[in-house]
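The values are calculated or read from the model by the stated rules, or taken from the named source; none is laboratory data. Remember, it's a predicted structure, so these values are computed and weren't measured experimentally. For neighbour counting, all protein chains shown are included, and Cβ atoms are generated from backbone atoms with ideal geometry for every residue, glycine included. Heads up: the accessible areas ignore ligands, DNA and RNA and are worked out on the full protein's heavy atoms, side chains in. Shrake-Rupley method; radii C 1.70, N 1.55, O 1.52, S 1.80 Å.
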Amino acid sequence: MTENTPLTFGVEMEFYVAWRREGRPPPGAPFGYESRPGKPVVIHSDKEDPIDDIIDVMKRQIVEFIEGPSRPILTRPPKEPETKPDEEPKRTILDKLPRPAGDLIRGLALKIRGSSHKEEKVPDKVPDEPKDDDKSEVFREILLKREEEAWKALEDYREWNVDEDGSLKALPDALASYASSGYGWCGVEVISPPLMATHEGFDEVRRVCEFIQNTYLTYDAPQAGLHIHVGQGVKWPAGSSFRRVAGLLYAADPVLAQLHPPRRWNSHYCQSNRLYSLLSFRDRTGPKESLYELTNLYTPSGSSNDQSRESPSSKSISTGSRESTPSESSSTESSEVPSSESSSVKIRNSARDDCFPPRPNKICYSLDHSKVIVSRSSHLKFHVEALTYQPKPMVEALIDLLERKATATIARLMQVHPERAAYNFDSFIDGGTKRTVEFRQPAGTTDPVQVICQAKIAVRLYQFGLDSSDEELIKILLDCHDAEADPRYYDVYDLLVDLGLKPEARVIQAALAGTVDDTIRNQYWSSRGYTT
């Protein structure tokens, strides 16, 4: 594992909050919520729709609570002078020309100068991948301009924000009877600024979650979500590292679904990249690739392939012997593994302990062909028969993805159109300023320990994709491949333990079982060095 790349993250928490007009009694609360310490938001206006006033009150209170010196938000470093006082500027009036004409003219100037720049191609848009060996002045200038645009865009995200949540406009049945003109419930989203993925950054989220729970009466509705954004600040990631992050999330998607309750598995707000992404729809010409070809993508030039590695296709991890190829066995056509009294299941060696539940015998996802019809109409270049569609075998898809060099192309392949993906890469498609991968599948909650665990898992996955060795990454990819064929081989607790997230795994287990209590919370805070 190389030295960790500095990362940033942010959270978006969706939930319902109780409100009342001044002088009116508070609304009731559903069973189990009436004993919470928080109170309804009190507003002083007579507006028919109180949402703007509710948002203003909550935003002011949260900002006042958290403001202080040395906060762990993403901050622009001091700008270094471009030139020394006694040297000639390296750039001329060409720098002031607008884009894209300015870029083209600068490129023309480089062509006219000749020398080593004679063969350079001039990009007419934001380059997809900053190449390490590209010394082009035009290339560097475009990246610097885009970085400047990203810093300017962040000026609107320096503080915690509160907004109305469009997906929570309708009240659920549990709250409908607790609403009138003088009190009620409304759906909001609390959004963090971009924070450094450090102990201090996670601690700020913890403190805000505790403030929300102690100040407001909230309700975590089944349709609410928790979204985690992870990125590298304003840096535009190189395709050579970005494809590793995408490949990890694509392969692990069916395993990672086990982190979340079943209602999130097939939600149209967070659809499976493995089942419905453009990458899974694509047809690949030529012979089918093998698992050895996947490992060959990472074989250093001049070194020999390690042919001694046991092929996953030879592992006895399912009923009987696996005679099918890895590509053929990675089908989601059947979500349950056939059982037999004579079946022999080889369990992967793992550092997990007995506190975790047994591995599942079926995958979380079930293919919904009605979604395939919608996706097919969006992927016009890729004609598939909706009723017989199966996603491309995982190894073929991974090889297709890991051969890509352009960041925007990788992001497009991970896209689930027209819906939102469980792992949303859309901000990298058009060279946007947000520059984050959005983890959309976690269930909505304001519980500090659950929010922090989901954020740490998202950050660690992104970090592992960037910084792991080739051998470490391939090992996880192959384990996830085999887990798709037989979930009894490898599950989400194995994955979390492999990533060094055993404390988070224990919290996830309790959350899914509905047994998170103060003992679980205190054990977790202590394990990660937080003061309670």
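Structural remarks
- Averaged over its residues, the range 416-472 has an accessible area of 26 Å² per residue, based on protein heavy atoms and a 1.4 Å probe.
- Using 0.36 nm per residue and subtracting the Cα-Cα separation, the extra length available between Glu155 and Glu419 on full extension is 92.1 nm.
- Amide H to amide H, with H built 1.01 Å from N, Gly225 comes under 5 Å of Glu14, Gly444, counting only residues 5 or more places away or on other chains.
- Packing-based order for 210-220, 151-161, 247-257, using average beta carbon neighbours within 10 Å, highest first: 247-257, 210-220, 151-161
- Checking the Cα-Cα distances for Lys405/Lys434; Lys434/Lys475; Lys235/Lys502; Lys59/Lys371; Lys39/Lys456; Lys47/Lys169 against a 26 Å cut-off, the pairs over it are Lys434/Lys475; Lys235/Lys502; Lys59/Lys371; Lys39/Lys456.
- Computed E for Arg24/Asp354 - FRET, C-beta separation, R0 51 angstrom, nearest 0.05: 0.45
- Cα gyration tensor, the range 387-499 - rounded (a/c under 1.5), prolate or oblate: rounded
- Cα shape, the range 193-256, gyration tensor, a/c 1.5 rule: oblate
- Length added when fully stretched, Lys235-Ile429, from 0.36 nm per residue minus Cα-Cα: 68.4 nm
- A simple spin-label model places the labels of Ala406 and Ser180 6.1 nm from each other, with each point 7 Å out along Cα-to-Cβ.
- Cut-off 11 Å between beta-carbons: net charge of the residues surrounding Asp165, Lys and Arg +1, Asp and Glu -1: -4
- Each peptide in 261-270, 12-21 receives the mean, over its residues, of other Cβ atoms within 10 Å, and ordering these scores from highest gives 12-21, 261-270.
- For the peptides 168-174, 424-430, 434-440, the ranking by mean Cβ contacts within 10 Å, running from highest to lowest, is 434-440, 424-430, 168-174.
- Heavy-atom accessible area per residue - the range 156-221, 1.4 Å, Å²: 40
- Between Ile51 and Asp470, the contour length at 0.36 nm per residue exceeds the alpha carbon distance by 145.8 nm.
- Sulfur and carbon atoms: percent of accessible area, the range 207-264 [1.4 Å]: 50
- Surface accessible to a 1.4 Å probe, Arg60 within the full protein complex, Å²: 120
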